[in-house]
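Chemist: Below are the structure tokens for one structure; questions will follow.
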Amino acid sequence: MTPAELLALRSTPDTSERACDRHIDALTLRRVRLGGTLIASLMVAGALVGLFTDPVISAAVFGPRAGAFLAALIVARLTRREWARGRGFPLAVALSLTTAIDLEAQIVHTGLALSPYNAGIALLVMATGLFFPLKPRQTAIAAGAVLLTYAGTMIPLVDPADWATATRQAFFVLTAAVVAVTASHFSSRTLRSEFLAQLALREEREITERLLTNVLPQSIVERLKRDRHALADGFPEATILFVDIVGFTRISSNLPPTEIVSLLNDVFSRFDDLADRYGLEKIKTIGDCYMVVGGLPTPREDHADAVADFAIEMLRVVEELRLPDGTSIAVRAGINTGPVVAGVIGHRKFIYDLWGDAVNVASRMESHGEPGAIQVTEATYEKLRHAFELHPRGVIAVKGKGEMATYFLRGRRES
């Protein structure tokens, strides 16, 4: 069973048991395929040895051996067909009987009491329980089928004087069957335990992977798996947006903590959906401030347009929201475009963060902005002016930067 199929399963016992049965059956098919090829090869090797050691017996059993050889190859080939899915057990029985035909043909020729091939039947019965991952009941059926064909062939050939020897040999073969069923019982339990443990482990990994990708971009998660050292990349250009809720201090002072958390969760969850829609990377939330970026970790040419579309749609979303007392919510947003460094630092509580002057300026655009407005820098204006409506605000004093020309983003231009 593939990892994708395992991950699709859930932990209900019934589903897990069915999945385990499918897994074991698929494993049985692979073993039948390998076993059929191996047995056919051993038959050829045995025939070559027989030509030099006892050509008379080799000639006598050529027909049955050739038939068993072809049957083993056919059984092995059938495992590759879609028809074979779910039929690992009957194909395993067919392969065991195929091998028994070859052995019994030689036993018939040499005679029961003196034949060394009775040990081959015992080994075949034992191997059926050890080689194939069958359930104990299935192993008993497979071994029983071999034993029945063995008994049906041998009983008519036993001379009365050889019954004691035949009985001892039959007991030896029957003992092999008991060993096979017992081994199958423990093997089946071990296989099921390992499969269910593997399933549980994969489900835990899926949960961990989902949590990681909620914190870090997928590409960064993959890189951190390979190298857990500090990870940072420079990007020549990206567009950063900061947005916060206007008057949040006043709002939070009038609401219980649970309602404050509920409000922020509602607002930021809607922003998350918009970020996914426009292919942006959410960086973090700081109190009532939300930060998102376009153009990384996977670069894109239209990063400024995507952030602008996000900001415009964000204002529409906020207009639909209301506080518990029915009053509306206002936000203030700022956007800037420029070079940044992005990455993950530290050993605990990872966060994918941005650094650079462009980030600081975007934050200043938000803090120096106006309620219900999206303020952008001249660098962002140059990126957007051909497709968006932007109104100049004029030159404003920006903390740490001096005077800067800024603009308000109003919306996309009509076609």
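The values are calculated or read from the model by the stated rules, or taken from the named source; none is laboratory data. Computed from a prediction, not measured in an experiment: that's the story for all the values here. When we count neighbours, we look across all protein chains shown, and the Cβ atoms used for this are built from the backbone with ideal geometry, even at glycine.
Chemist: Within region 352-398, which residues are touching a residue at least 40 places away in the same chain (Cβ under 8 Å) and within 13 Å of R410 (Cβ to Cβ)?
Modeler: Correct list: G372, A373, I374, Q375, V376, L384, A387, F388.
Chemist: How many residues does region 239-284 contain that are basic (K, R) and in a strand (DSSP E or B)?
Modeler: Total meeting the criteria: 2.
Chemist: Just to be sure, is I121 in contact with a Leu (Cβ under 8 Å, 6 or more places away or on another chain) and farther than 27 Å from R22 by Cβ?
Modeler: So I121 fits the description; yes.
For every residue, the table says whether it meets (1) in contact (Cβ under 8 Å) with a residue 24 or more places away in the chain; (2) within 18 Å of R31 (Cα to Cα); (3) not polar (S, T, N, Q).
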{"position": "A60", "(1), (2), (3)": "yes, no, yes"}
{"position": "V93", "(1), (2), (3)": "yes, yes, yes"}
{"position": "I101", "(1), (2), (3)": "yes, no, yes"}
{"position": "G120", "(1), (2), (3)": "no, no, yes"}
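Chemist: Between residues in region 298-324 that are farther than 17 Å from T377 by Cα and residues that are in a helix (DSSP H, G or I) and among the polar types (S, T, N, Q), which pairs lie under 8 Å by C-beta distance while being six or more apart or on different chains?
Modeler: Short answer, once both residue conditions are applied: T298/S219.
Chemist: Which is crowded, with 23+ Cβ neighbours inside 10 Å, modelled with pLDDT of 85 or more and either touching a helix residue (DSSP H, G or I) at 6+ places or on another chain (Cβ under 7 Å) or not in a helix (DSSP H, G or I) (or both), of A92, A140?
Modeler: A92
Chemist: Something else: Has region 150-160 got any residue that is at pLDDT 85 or above, charged (D, E, K, R), farther than 13 Å from E104 by Cα and surrounded by fewer than 17 Cβ atoms within 10 Å (Cβ to Cβ)?
Modeler: No, because not a single residue in region 150-160 is at pLDDT 85 or above, charged (D, E, K, R), farther than 13 Å from E104 by Cα and surrounded by fewer than 17 Cβ atoms within 10 Å (Cβ to Cβ).
Chemist: Answer yes or no as to whether Y352 is modelled with pLDDT of 90 or more, within 20 Å of Y278 (Cβ to Cβ) and of a type in the set (F, W, Y).
Modeler: no
Chemist: Going by the structure shown, is T380 out of contact with any Phe, Trp or Tyr (no Cβ under 7 Å at 6 or more places or on another chain) and closer than 22 Å to A238 by Cβ?
Modeler: Against the criterion (out of contact with any Phe, Trp or Tyr (no Cβ under 7 Å at 6 or more places or on another chain) and closer than 22 Å to A238 by Cβ), T380 qualifies.
Chemist: What pairs come out if I take residues in region 232-254 that are more than 20 Å from V292 (Cα to Cα) and pair them with residues that are in a strand (DSSP E or B) whose C-beta lies under 9 Å away, six or more apart or interchain?
Modeler: Qualifying pairs under 9 Å: I251/I245.
Chemist: Condition check: buried (at least 16 other Cβ atoms within 10 Å of the Cβ) and more than 22 Å from V246 (Cβ to Cβ). Does G338 satisfy that?
Modeler: yes
Chemist: Determine if region 79-87 includes at least one residue that is of a type outside the set (D, E, K, R), under 28 Å from L201 (Cα atoms) and in contact (Cβ under 8 Å) with a residue 40 or more places away in the chain.
Modeler: yes
Chemist: If I go through region 258-302 residue by residue, how many of them are among the β-branched types (V, I, T) and surrounded by fewer than 15 Cβ atoms within 10 Å (Cβ to Cβ)?
Modeler: Within region 258-302, residues that are among the β-branched types (V, I, T) and surrounded by fewer than 15 Cβ atoms within 10 Å (Cβ to Cβ) number 4.
Chemist: Given the structure, is I312 within 21 Å of P371 (Cα to Cα) and β-branched (V, I, T)?
Modeler: Spelling it out, I312 is indeed within 21 Å of P371 (Cα to Cα) and β-branched (V, I, T).
Chemist: If you take the residues in region 44-88 that are more than 22 Å from Y117 (Cβ to Cβ) and in contact with an Asp or Glu (Cβ under 7 Å, 6 or more places away or on another chain), which one is surrounded by the fewest Cβ atoms within 10 Å (Cβ to Cβ)?
Modeler: My answer is G86.
Chemist: When you scan region 33-47, do you find a residue that is at pLDDT below 85, in the same structural domain as A19 (by TED's automatic domain parsing) and of a type in the set (K, R), even just one?
Modeler: no
Chemist: All but one of (1) in contact with a Leu (Cβ under 9 Å, 6 or more places away or on another chain); (2) part of a strand (DSSP E or B) hold for A405, so report the exception by its number.
Modeler: (1)
Chemist: Out of the residues in region 334-392 that are charged (D, E, K, R) and in a helix (DSSP H, G or I), state the one that is nearest to P299 (Cα to Cα).
Modeler: Only one residue tops the list, namely K383.
Chemist: Would you pick out the residues in region 328-361 that are hydrophobic (A, V, I, L, M, F, W, C) and closer than 19 Å to V267 by Cβ?
Modeler: I329, A330, V331, A333, I335 - these are the residues of region 328-361 that are hydrophobic (A, V, I, L, M, F, W, C) and closer than 19 Å to V267 by Cβ.
Chemist: Any residue that is acidic (D, E) and assigned to a strand (DSSP E or B) - is there at least one of those in region 295-313?
Modeler: No, region 295-313 contains no residue that is acidic (D, E) and assigned to a strand (DSSP E or B).
Chemist: Separate question: Given (1) free of Cβ contacts under 8 Å to residues at least 40 places away in the same chain; (2) farther than 28 Å from H23 by Cα; (3) of a type in the set (K, R), identify the lone condition not met by R137.
Modeler: Tallying (1) free of Cβ contacts under 8 Å to residues at least 40 places away in the same chain; (2) farther than 28 Å from H23 by Cα; (3) of a type in the set (K, R), R137 fails exactly one: (2).
Chemist: When the residues of region 341-361 are narrowed to those that are charged (D, E, K, R) and surrounded by 13 or more Cβ atoms within 10 Å (Cβ to Cβ), which ends up nearest to A232 (Cα to Cα)?
Modeler: D353
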